[in-house]
Amino acid sequence: MRYQISGKHIDIGEALQTHVKAELGEVVEKYAQRPTDAIVIFSKAAHEYVCESVVHLSTGLSASAKGHSTEIYAAFESCREKMDKQLRRYKRRIRNHHSNRPQPVEFGAGASYIIAPSEEPEDDDSASIEPIIIAEMETKIPSITVGEAVMQLELSSQKFLVFRNEGHTGVNVVYRRDDGNIGWIDPRNAK
């Protein structure tokens, strides 16, 4: 498994990196057969250390966790415990999806835009008011089943997930509703 361990405006020593690799590797190996990589970022917010981790699995799923504490090792332990709990909770589902999928999930390319309205309207009589695109970047859209998309949404801290439905290759969205349930948008069924 590849590790990317870094700090935002703080130095991460070799001892902490070795500790993270050993402990996180043990947790991930216990629940996932073929993890691909892990990203661990340490930062400091006021008097607390923050540890954020994302583990990408060979099934295409990603699990993320975040921990806070006044000491850096304790922040990592809090994050590791949350990751352990997530992976334990979804162990059966992760292994079931892993056995049904002989090769890793395919990702298609898609453009992602951040759009903001213009600050000053140039002409009040103009019929078309166009927003200004302030950022553009590439993103990957996984080709997975609806069940895998829901599990991916539950494993991550995202509010929504755009994916290509393996059943009919159309673009779908799953999202967290305000009532705590998961919503599913399938434009193909909107007739």
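Just one of (1) in contact with a His (Cβ under 6 Å, 6 or more places away or on another chain); (2) buried (at least 21 other Cβ atoms within 10 Å of the Cβ) fails for Thr36. It is (2).
Rundown of residues vs (1) at pLDDT 90 or above; (2) of a type in the set (Phe, Trp, Tyr); (3) out of contact with any helix residue (DSSP H, G or I) (no Cβ under 9 Å at 6 or more places or on another chain), yes/no style:
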residue: Lys21; (1), (2), (3): yes, no, yes
residue: Val27; (1), (2), (3): no, no, no
residue: Gln33; (1), (2), (3): no, no, no
residue: Thr36; (1), (2), (3): no, no, yes
residue: Ile39; (1), (2), (3): yes, no, yes
residue: Glu48; (1), (2), (3): yes, no, no
residue: Leu57; (1), (2), (3): no, no, no
residue: Leu61; (1), (2), (3): no, no, no
residue: Ser64; (1), (2), (3): no, no, no
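Note on segment 1-24: among residues that are assigned to a loop (DSSP other than H, G, I, E, B) and in contact with a strand residue (DSSP E or B) (Cβ under 8 Å, 6 or more places away or on another chain), the one that is surrounded by the fewest Cβ atoms within 10 Å (Cβ to Cβ) is His9.
The values are calculated or read from the model by the stated rules, or taken from the named source; none is laboratory data. Only a predicted model underlies this, so the values are computations on that prediction, with no experimental measurement involved. Virtual Cβ from ideal backbone geometry, glycine too; neighbours counted across all protein chains shown.
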